[in-house]
Structure formats: C-alpha cells, structure tokens
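As structure tokens, the structure follows; a few thoughts come after it.
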Amino acid sequence: MELQTRKVISPLLLASNDASMLSPSTIRGDTAPRCLGVLETVSSVLMFAWQHPSGASSELLDRLIEALDVGAISFLSKVLSTAVEWDSKDKAVGGMKSRTACFRLLTCLFGIALTDETAIGMRRLMDAVDADSYSYNTSRQQKGPHNIVEAVLGSLQVASSNARKALMGQLSLGPHYQTALLDMLEAAVLATGSMCGSSVAPGGGEGTLIKGVSSNATSALFVLFCPCFALVLPLFLMPII
C-alpha cells in the first residue's frame, strides 16, 4: 500500500521508457531487455492493488490513470514489437519473460478499467490504445499487428503453438525455456481474458466474470463447461492455420 500511495508507477515507467532500456541486458545472460525488472515491479504493484482493494473506490482508477498518463500502452507496444528468436534455447527466454511481464501489466490495466463504474478508466484506456495504433500503421511492418490487442493475440498464438509442440515432444529446448514458455502462455491467456471483459483479479476474490448470475448458477456453469474445456484444449493448442 505504501508503494501505491507514493505513486511509484509513473517514475518507474518513465525511467524505463527509453530506447536503451529495450536493448538486451549484459548481466542476465538471457537477452532480456533492461526494462524487464521495471515491468515486473510495476505489474506486481498494480496486481496487488487490484487483488486487495482498500480505501476509496477511486484509488484503483488513480493508479490506472497514473500509468496511462506516462505512456504505458505505447511503451508496452515497443516491448512487444521486439523480435524473439523462438527456436533459440539461449535467446528466446528473455523475450518471453518480457512479454509475460507486459501481459500481466495489460491484464491489470484492462481489468481495473472494467471495475471502474464511472467508465472514465475504460475511455482513457481505449483512447491510449487508439492513439498507439497509429504508430503500428506508420512506423511498423504492415503485415504485423495493427494494435496492441492484435500483438497480444499474436503472441498467444505463438505460445500456444510452441506449448503444443513441447507437450508432444516436438520441441525440447530445456526446462528453463519450457517454464518461460508456459508462464508466457498463462499471462497471454489472462491478458486476453481481461481484454474480452473479465474483471476478475488473478488470485483475488474481487471482480465480475459473469454478471447477473447467482453463485449456484455459476457453479453449475463451471461443472458443465469443465468437460467441454478439456475437449477443446487440445484444439486450442493446435497452430492456427
């Protein structure tokens, strides 16, 4: 809570929003960008605030706007635009870790915006996403993603495809690679969920997943769809053609 009240999110993001912070770290050895530690810190602070809301209802909105005001969306887009050598045992792990941190932060941004009853947070967030989309059209390859949402979905596709290969023994690059891959897959799924309307904080008890449904009905839906999910999961992990 002390970190939230002192507004550490904006100075951390400002310090990392520099071209040099996107270059590979010479200390870690896994080609992770220098901004990885900052991304992980900011996402942890926001995630804790979202999981354990306290004080005025506007505090979460304040943290969201604080992040958006310093260009969080454009910064995350730059990180997600960095190339990853997916078939390299030594060079892919750092890129996957940075994407995982980006996805966790995006999960918080969209999830917190959904919990804001004033709708101010969602308007500000979508304005930032729309403004950032112009940079994809003007300064990035046209055949790639056109906004940060497409960038997340593209990474989710790659992660699910590689995870399927790893599960079937077609991709064996060591436990460090596989752990980073599965972490990225989980984070990408959570980010996609928040973008699609889930305001449930991962690991927390607050939020809304299904509006207007009683707890008994929700439990019934969970029991109903668990077997269906088990059948669909192998199809989800198949590469999208």
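The values are calculated or read from the model by the stated rules, or taken from the named source; none is laboratory data. Please read all numbers here as calculations on a predicted model, not as lab measurements. Methodologically, a virtual Cβ is constructed for each residue, glycine included, from the backbone with ideal geometry; neighbour enumeration extends over all protein chains shown.
Is one or more of the residues making up the stretch 87-97 surrounded by fewer than 24 Cβ atoms within 10 Å (Cβ to Cβ) and at pLDDT 90 or above? Yes - at least one qualifying residue is present in the stretch 87-97. When restricted to residues that are modelled with pLDDT of 80 or more, of a type in the set (A, V, I, L, M) and outside any loop (DSSP other than H, G, I, E, B), the stretch 1-51 contains 14. Per this entry, Thr208 is not counted among residues that are β-branched (Val, Ile, Thr), modelled with pLDDT under 80, within 28 Å of Ala113 (Cα to Cα) and not in a loop (DSSP other than H, G, I, E, B).
I'd like to check something: does the stretch 95-108 contain any residue that is without any contact (Cβ under 8 Å) to a residue 40 or more places away in the chain and farther than 22 Å from Ser198 by Cβ?
Going residue by residue through the stretch 95-108, those that are without any contact (Cβ under 8 Å) to a residue 40 or more places away in the chain are none.
Within the stretch 95-108 (the criterion being without any contact (Cβ under 8 Å) to a residue 40 or more places away in the chain and farther than 22 Å from Ser198 by Cβ), the answer is no, since none of the residues qualifies.
Residues of the stretch 132-167 that are over 22 Å from Leu106 (Cβ atoms), modelled with pLDDT of 75 or more and in a loop (DSSP other than H, G, I, E, B): none at all. Among residues of the stretch 168-194 that are crowded, with 16+ Cβ neighbours inside 10 Å, those with a beta-carbon under 6 Å from a residue that is of a type in the set (Lys, Arg) and at pLDDT 90 or above at least six positions away or on a different chain give the pairs Ala180/Lys97; Met184/Arg99; Ala187/Arg104. Condition (residue is outside any loop (DSSP other than H, G, I, E, B), closer than 23 Å to Glu150 by Cβ and within 16 Å of the chain's Cα centre (by Cα)) applied to the stretch 52-66: is it met by at least one residue? Yes.
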